[in-house]
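Working notes, structure below.
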Amino acid sequence: SLWRAETPQIFRRPVLAEAIDAAISAGRLDAATDCASLVEANRGRVTVVGHGAPNMKVTTESDIPLAEVLLARVR
């Protein structure tokens, strides 16, 4: 199946720290695409949690008008 991953990605701190340390030790930190890929590469478990609401990421100033429209819908 194909899934679209969104932020935030949540992990218990020790699990993520161990995955990051392992990637650094193996010289493969640059190959990681996100935190989930680090945890999976370290044989950790990643669970997909569905949601029904928009989960927009505001990255640039041009994203703000759309974010404002989405926020107005839920208020």
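No value in this document is a laboratory result; all are computed from the given coordinates. These numbers were taken from a predicted model, which means no experiment stands behind them. Note: ideal-geometry Cβ built from the backbone for every residue, glycine included; neighbour counts use all protein chains shown.
For the chain, the Cα-based Rg and Dmax, in that order, read 15.9, 47 Å.
Helix content alone sets the calculated 222 nm mean residue ellipticity of the chain: runs of n ≥ 4 DSSP H residues at -39500 (n - 2.57) each, divided across all residues, give -12500 deg cm²/dmol. To the nearest ten degrees, helix 13-25 and the longest principal axis of the Cα atoms of the chain are 60 degrees apart.
Would you work out the charge dipole size for the stretch 23-66 about its Cα centre, treating the Cβ of every Lys and Arg as +1 and the Cβ of every Asp and Glu as -1, and quote it to the nearest 20 debye?
So the dipole magnitude of the stretch 23-66 works out to roughly 280 debye.
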